[in-house]
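To keep things clear, I will list the structure first and then write my remarks on it.
Any read-out appearing in this document is the output of simple, stated calculations on the displayed coordinates, not a laboratory observation. It should be emphasised that the depicted structure is a prediction, and the values quoted were computed from it without experimental measurement. Using ideal geometry, Cβ is built from the backbone for each residue, glycine included, and neighbour counts are taken over all protein chains shown.
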Amino acid sequence: MATAVALIALVALNAYVLLAGADFGGGVWDFFATGPRRAEQRVLIAEAIGPIWEANHVWLILVVVLLFTCFPAVFSGLAIALHIPLTLMLVGIVLRGSAFAFRSYGSSDDAPQRRWGRVFAIASVLTPLVLGICIGAIASGRVGDMLDRLPQRGATESFVSLYVTPWLSPFTVAVGALALALFAFLAATYLTVEAENAELREDFRRRALWAAAAVFVTAFLALILAWSHAPRMSAGLIASQWALPLHILTGIVAIVAIVALWVRRWHLARVAAVAQVSLILWGWAAAQAPYLVPPTFSVGNSAAPRSTLQLFLVVLALGALVLFPSLTYLFRLFKSDRAREPAPERSE
Amino acid sequence: MGDLLAARSQMAVSLGFHILFAVVGIAMPMLMVIAEVRWRRTGDAMYLELAKRWAKGTAILFAVGAVSGTVLSFELGLLWPGFMRFAGAIIGMPFSLEGFAFFAEAIFLGVYLYGWTRISPRAHIAAGMVVALSGAASALFVVIANAWMNSPTGFQLQNGSPIGVDPIAAMLTPAAFPEVLHMLLAAYAATGFAVAGIHGFLLLRDSRNAFHRRALVVALIVGVPAAILQPVSGDISARYVARWQPTKLASMEGQFHTEAGAPLRIGGFPDVNAQRTRWAVEIPGGLSLLAFHDPHAVVRGLDAVPRRDWPPVPVVHVAFQVMVGLGTYLALLGIWIVIAAWRRRDLAADRWLMRAVALASPMGFVCIEAGWTVTEVGRQPWVIYGVMRTADAVTPMPGLIVPFLVISALYCFLGVIVAWLLYDLVMRSPVTREGDAAATAPAAA
């Protein structure tokens, strides 16, 4: 049962990455908006994110709640070891969300609009970077190591070696860059589908291809660095039996995504991009299974009591009954092709 | 500043900041839906304008509430990993339910804000209602989690660890009902009077302004009933505290010694060293009467527990006096408004009434901050009452003053911006006078 709950957590994280990840990616492209259609790019991004980003953000809450309900030791351990990057991520989340809301619903004057746009864009770049660093830190095993030695050596070891080194290394930064590249890639690919005119579509096609290249570079870098900085991780990625088929599959969908962008098959590209990002996430999870925080917390040794897990699954099922129809309604309303035909009334 | 104090201060700042936005997120959608319903019924364009403006305000405040709520969900672990490790499995359930309520709120707020022309009027109003209801549901679940910290149930202790965890029994903790009721009423009263106060103030300058007159009425419809009912809910809460958390009650009242027929102390300041509360107006037997509905009942004083189990008594006592004092003002003002409305007086033209309403504008929110101070500081030195000390829950990471300052600076900055944006939104209100053509468009029906 604990495994089931852990898989659900992974699904929720997957949803967060695909949905909110793309919202952050949108912010990245707001940051890098260039060329003659700079303003149109920003408007398209804002319209794409506007109705859905709050709902997308809730997936993160779900992951957090799931973790502290069903794996309380993991949650409190991560919160101790990753205090600094998580606080930075929170600052990013707060600034991104508020700046977007201020820009959308606040005064429509030019100067504050630009100012909030700036804050929104910068926070959108920083947050995925830090999120990736946290995931890299967990994968590297250094977070687990730190938690293992904290009870004995917490008093003697230096602040930096306990609270900074576990998450700050070339490997974790590479994973952070990979997360940023993936989010930007997702956003650009989604936006090729959502753009209403051919020129904008071409803008985002070029951006998606650049981001795909960045994904390759950062993924390659992370893999190389894993060798020296995250040996357990690289062993899991290379040695286990499912590794090769999974890598081949990831490679195939990555190529499909690029080819589809190249030949302008927008919908296919979107599907392939979603599959590619999900496979990378699941590949990470598989490489460290059954550990949630290697080498300290596994699914088995950190799960909450059975009574809690059981009830949680019931609550989850009931929640899903409400959630999925509502989400379908939201996305139908704002994301289906039909929905975009009548020009939406812009609220002043 | 020590690490524990820094962590507690950061939590206080985060909660104190978030609660303002959370409360608006509970009650504001109600105002916005009422305005829209009135527009659809009467065709009066002023109500549409109101609904749209309130929706805009809600969008800003909800966004800040959502992100500051996210900060809190992380801070539970970042600051109190010992607490979460112990309690996660026991009180994760209300948080999970809250997660789904929050989902519904976020989804349908998106539908409401961007769906004015995309969905039918009926669906649009329904979406607004879902936002209002799920906002209340979120509050219900989160407050239940807090209630458990005040009266922990649903587990047994064995060598300092919880066993026999029963999450449902934990949710049915005795503090749940009084706390939830008190919080929900507070949200409607505070938001209703805050909005009414702003428009009341503007009506003092221009009592015929059609926009402000309509806004005032809708806001009072939400705020007045809640403010009048709040003292009843306060009585339920007081009796709960008297029974389950006698030390908290003793701090609230400045009751140092256990006594029968304890007096009710109004105002005053507890002198912890002298163990007496000075300068209070005392009503003989009043506290016994209120807490146990018997003027001779024995009220346990602070002396019933060792000094190291006392909360900071002066803080709790003063916060409690502030909450009760301002809450009483709102309830009496509510009764005045009901009487005036019943006599079919023109509320907006009554200058004294509008002055009193304008004065009430910040009071509900001050009450809420004071009330949370009572319940949180009054629970100290425990994070889980009688089970875990706050000092044992705090993170081992040193230097907690840094995140405290970072979060405080961030929230100060955001607070100023939000205040300015709302000021801007209010100041751009329409200036149509009652009786002008635009204000009374022919009814659509």
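A few comments on the model shown:
- Counting only alpha carbon atoms, the long axis of helix B:351-360 and the longest principal axis of chain B meet at about 40°.
- Note on B:Trp279/A:Leu318: beta-carbon distance plugged into 1/(1 + (r/R0)^6) with R0 of 45 Å gives a FRET efficiency of 0.25.
- Under 14 Å from A:Lys335, Cα to Cα: aspartates and glutamates that are on another chain or at least 8 residues apart: A:Asp23, A:Glu47, A:Glu194, A:Glu196
- Converting phi to 3J(HN,Hα) with the Karplus coefficients 6.51, -1.76 and 1.60 and the offset θ = phi - 60°, segment A:181-188 yields 5, 5, 5, 5, 5, 4, 4, 4 Hz in sequence order, with x at every glycine or proline.
- Proxy reagent accessibility, fewest Cβ within 10 Å first, across A:Tyr329, B:Tyr112: A:Tyr329, B:Tyr112
- When the helices of chain B are scored as -39500 (n - 2.57) per DSSP H run of n ≥ 4 and the total is divided over every residue, the value at 222 nm lands at -24500 deg cm²/dmol.
- Between the helical axis of B:3-42 and the longest alpha-carbon principal axis of chain B there is an angle of about 30 degrees.
- Proximal charge balance of B:Gly16 [Cβ under 11 Å; K/R count +1, D/E count -1]: -2
- For B:Lys52, the aspartates and glutamates whose Cα comes closer than 17 Å to its Cα, not counting residues fewer than 8 places off in the same chain, are A:Glu345, A:Glu348, B:Glu36, B:Asp44, B:Asp424.
- Set of aspartates and glutamates with alpha-carbon distance to B:Lys248 below 13 Å, sequence-local pairs under 8 removed: B:Asp303, B:Asp309, B:Glu376
- Rg over Rh, two decimals, chain A (C-alpha only, Kirkwood Rh): 0.97
- For A:Cys70, B:Cys412, B:Cys367, order by how many other beta-carbon atoms lie within 10 Å, fewest first: B:Cys412, B:Cys367, A:Cys70
- Fewest-first ordering of B:Ile125, A:Ile52 by other beta carbons within 10 Å of each residue's beta carbon gives B:Ile125, A:Ile52.
- Helix axis angle, B:176-205 relative to chain B longest principal axis, alpha carbon, degrees: 40 degrees
- Alpha-carbon centroids, segment B:1-25 and segment A:247-316: separation in whole Å: 35 Å
- Extension gain, B:Val305-B:Asp346: 0.36 nm per intervening residue step, less the Cα-Cα distance, totals 9.3 nm.
- Global geometry of the protein assembly as shown, whether rounded, prolate or oblate, following the gyration tensor of its Cα atoms and the 1.5 cut on a/c: oblate
- Total charge dipole magnitude, the protein assembly as shown, about the Cα centre, Cβ charges on Lys, Arg, Asp, Glu only, Debye to nearest 20: 900 debye
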